[in-house]
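The values are calculated or read from the model by the stated rules, or taken from the named source; none is laboratory data. As the structure is a prediction and not an experimental result, all values here were calculated from the model. Cβ: placed from backbone, ideal geometry, glycine included. Neighbour counts: every protein chain shown. The protein model used for the area step is the full one, side chains on, heavy atoms only, and it has no ligands, DNA or RNA in it. Shrake-Rupley method; radii C 1.70, N 1.55, O 1.52, S 1.80 Å.
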Amino acid sequence: LTGAAGVTDFMHATYKFSLDRASMRRQGEGELWFAFDDAGLPVMRLQGSARSPRFGHGMITIFVSAAERALYAHFALSDLHEVECVRYPFPERGAPGSDYDHRLQRLRARR
(Lines give C-alpha, C1' and ligand atoms only; values in the text may rest on other atoms or scores of the structure.)
Protein backbone atom coordinates (compact mmCIF):
# COMPACT_ATOMS: atom_id res chain seq x y z
CA LEU A 1 0.00 0.00 0.00
CA THR A 2 2.87 2.28 -0.74
CA GLY A 3 1.65 5.81 -1.28
CA ALA A 4 -1.70 5.33 0.45
CA ALA A 5 -2.06 8.34 2.75
CA GLY A 6 -2.52 7.58 6.42
CA VAL A 7 -1.98 3.82 6.16
CA THR A 8 0.30 2.59 8.92
CA ASP A 9 -0.97 -0.91 9.70
CA PHE A 10 -2.14 -3.43 7.11
CA MET A 11 -2.96 -7.09 6.57
CA HIS A 12 -0.97 -9.02 3.98
CA ALA A 13 -1.56 -12.41 2.38
CA THR A 14 -0.06 -14.35 -0.51
CA TYR A 15 -1.91 -16.78 -2.76
CA LYS A 16 -1.42 -19.20 -5.64
CA PHE A 17 -4.00 -20.13 -8.25
CA SER A 18 -4.64 -22.52 -11.10
CA LEU A 19 -7.31 -21.93 -13.73
CA ASP A 20 -8.31 -24.15 -16.63
CA ARG A 21 -10.51 -22.46 -19.20
CA ALA A 22 -11.09 -23.30 -22.87
CA SER A 23 -8.09 -25.64 -23.05
CA MET A 24 -5.79 -22.95 -21.66
CA ARG A 25 -4.21 -23.54 -18.28
CA ARG A 26 -3.06 -20.59 -16.20
CA GLN A 27 -1.10 -20.78 -13.00
CA GLY A 28 0.13 -17.90 -10.97
CA GLU A 29 0.58 -16.24 -7.65
CA GLY A 30 -0.11 -12.96 -6.02
CA GLU A 31 -0.38 -10.81 -2.95
CA LEU A 32 -3.15 -8.93 -1.18
CA TRP A 33 -2.76 -5.93 1.11
CA PHE A 34 -5.70 -4.49 3.06
CA ALA A 35 -5.88 -1.60 5.51
CA PHE A 36 -7.95 1.28 6.77
CA ASP A 37 -6.73 4.85 6.33
CA ASP A 38 -6.83 7.50 9.09
CA ALA A 39 -10.46 8.29 8.22
CA GLY A 40 -11.41 4.61 8.66
CA LEU A 41 -11.96 4.04 4.95
CA PRO A 42 -10.75 0.78 3.36
CA VAL A 43 -7.75 0.65 1.05
CA MET A 44 -6.85 -2.52 -0.85
CA ARG A 45 -4.14 -3.61 -3.26
CA LEU A 46 -4.29 -6.93 -5.08
CA GLN A 47 -1.46 -8.05 -7.33
CA GLY A 48 -1.28 -11.23 -9.36
CA SER A 49 1.02 -12.63 -12.00
CA ALA A 50 0.68 -15.59 -14.31
CA ARG A 51 1.86 -17.05 -17.56
CA SER A 52 -0.46 -18.22 -20.30
CA PRO A 53 0.35 -19.77 -23.68
CA ARG A 54 -1.61 -17.04 -25.46
CA PHE A 55 -0.37 -13.90 -23.65
CA GLY A 56 2.90 -14.95 -22.01
CA HIS A 57 3.80 -13.39 -18.67
CA GLY A 58 1.29 -10.94 -17.27
CA MET A 59 0.80 -8.99 -14.08
CA ILE A 60 -2.35 -7.28 -12.89
CA THR A 61 -2.38 -4.84 -9.99
CA ILE A 62 -5.70 -3.59 -8.63
CA PHE A 63 -5.81 -0.71 -6.17
CA VAL A 64 -9.08 0.27 -4.49
CA SER A 65 -9.46 3.52 -2.58
CA ALA A 66 -12.75 4.26 -0.84
CA ALA A 67 -11.52 7.80 -0.15
CA GLU A 68 -11.14 8.41 -3.90
CA ARG A 69 -14.21 6.28 -4.67
CA ALA A 70 -12.24 4.56 -7.41
CA LEU A 71 -10.62 1.32 -8.50
CA TYR A 72 -7.40 1.41 -10.51
CA ALA A 73 -6.35 -1.55 -12.65
CA HIS A 74 -2.80 -1.76 -14.01
CA PHE A 75 -2.26 -4.44 -16.66
CA ALA A 76 1.27 -5.36 -17.75
CA LEU A 77 1.79 -8.03 -20.42
CA SER A 78 5.57 -7.99 -20.70
CA ASP A 79 5.88 -10.57 -23.49
CA LEU A 80 3.54 -8.45 -25.64
CA HIS A 81 5.11 -5.14 -24.56
CA GLU A 82 1.69 -3.87 -23.47
CA VAL A 83 0.97 -1.80 -20.36
CA GLU A 84 -2.24 -0.02 -19.45
CA CYS A 85 -3.69 1.62 -16.35
CA VAL A 86 -7.41 2.25 -16.13
CA ARG A 87 -9.38 4.16 -13.48
CA TYR A 88 -12.90 2.96 -12.72
CA PRO A 89 -15.02 5.28 -10.56
CA PHE A 90 -17.34 3.66 -8.04
CA PRO A 91 -20.90 3.50 -9.38
CA GLU A 92 -23.25 6.15 -7.99
CA ARG A 93 -26.71 5.07 -6.93
CA GLY A 94 -29.36 7.30 -8.46
CA ALA A 95 -26.99 9.10 -10.84
CA PRO A 96 -28.45 9.74 -14.33
CA GLY A 97 -27.82 6.69 -16.51
CA SER A 98 -26.51 4.67 -13.55
CA ASP A 99 -26.94 0.92 -13.68
CA TYR A 100 -26.01 0.62 -9.97
CA ASP A 101 -29.12 -1.37 -8.98
CA HIS A 102 -28.69 -3.74 -11.93
CA ARG A 103 -25.00 -4.31 -11.04
CA LEU A 104 -25.86 -5.02 -7.43
CA GLN A 105 -28.57 -7.46 -8.49
CA ARG A 106 -26.11 -9.24 -10.80
CA LEU A 107 -23.45 -9.50 -8.05
CA ARG A 108 -25.95 -10.95 -5.59
CA ALA A 109 -27.06 -13.54 -8.16
CA ARG A 110 -23.45 -14.78 -8.56
CA ARG A 111 -23.18 -15.99 -4.96
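Helix 100-109 versus the longest principal axis of the chain: what is the Cα-based angle in degrees, 0 to 90, to the nearest 10?
The angle comes out at about 50 degrees.
Which whole-Hz ³J(HN,Hα) couplings does the stretch 33-49 yield from phi under the Karplus relation 6.51 cos²θ - 1.76 cosθ + 1.60, θ = phi - 60°, glycine and proline marked x?
Calculated HN-Hα couplings, in order: 10, 9, 7, 10, 7, 4, 7, x, 8, x, 10, 9, 10, 10, 10, x, 9 Hz.
So what are the radius of gyration and Dmax for the Cα set of the chain, in Å?
16.5, 46
Need one number: nm distance between label points at residue 36 and residue 12, each 7 Å from Cα along Cα→Cβ, rounded to one decimal.
Taking the two extended label points, one gets 2.1 nm.
What is the percent carbon and sulfur in the accessible area of the chain, measuring with a 1.4 Å probe over the protein chains and ignoring ligands?
The computed percentage sits at 55.
Please compute the net charge surrounding residue 36, taking Lys and Arg as +1 and Asp and Glu as -1 over other residues with Cβ under 14 Å from its Cβ.
-2
Using only helices, what value at 222 nm comes out for the chain when you add -39,500 (n - 2.57) per DSSP H run of length 4 or more and divide by the total residues, to the nearest 500 deg cm²/dmol? Provide the component values of the computation, followed by the final result.
Details: 1 runs with 10 residues, N = 111.
So the calculated ellipticity at 222 nm is -2500 deg cm²/dmol.
Compute, for the stretch 7-97, the length of the dipole vector about the Cα centre, with Cβ point charges of +1 (Lys, Arg) and -1 (Asp, Glu) only. Units Debye, rounded to 20. Please list the in-between numbers first.
On the way: 10 positive and 11 negative charges, 94 e Å.
Dipole of the stretch 7-97, to the nearest 20 debye: 460 debye.
Could you compute the FRET efficiency for residue 86 and residue 59, with r as their C-beta to C-beta distance and R0 at 22 Å, rounded to 0.05?
0.90
Points 7 angstrom from Cα along the Cβ direction at residue 19 and residue 98: gap in nanometres?
For residue 19 paired with residue 98, the spin-label model returns 2.9 nm.
Select from the stretch 63-111 those GluC sites (Glu not before Pro) which occupy a DSSP coil region and have at most 11 other Cβ atoms within 10 Å, ordered by residue number.
Here the sparse-neighbourhood loop sites are 92.
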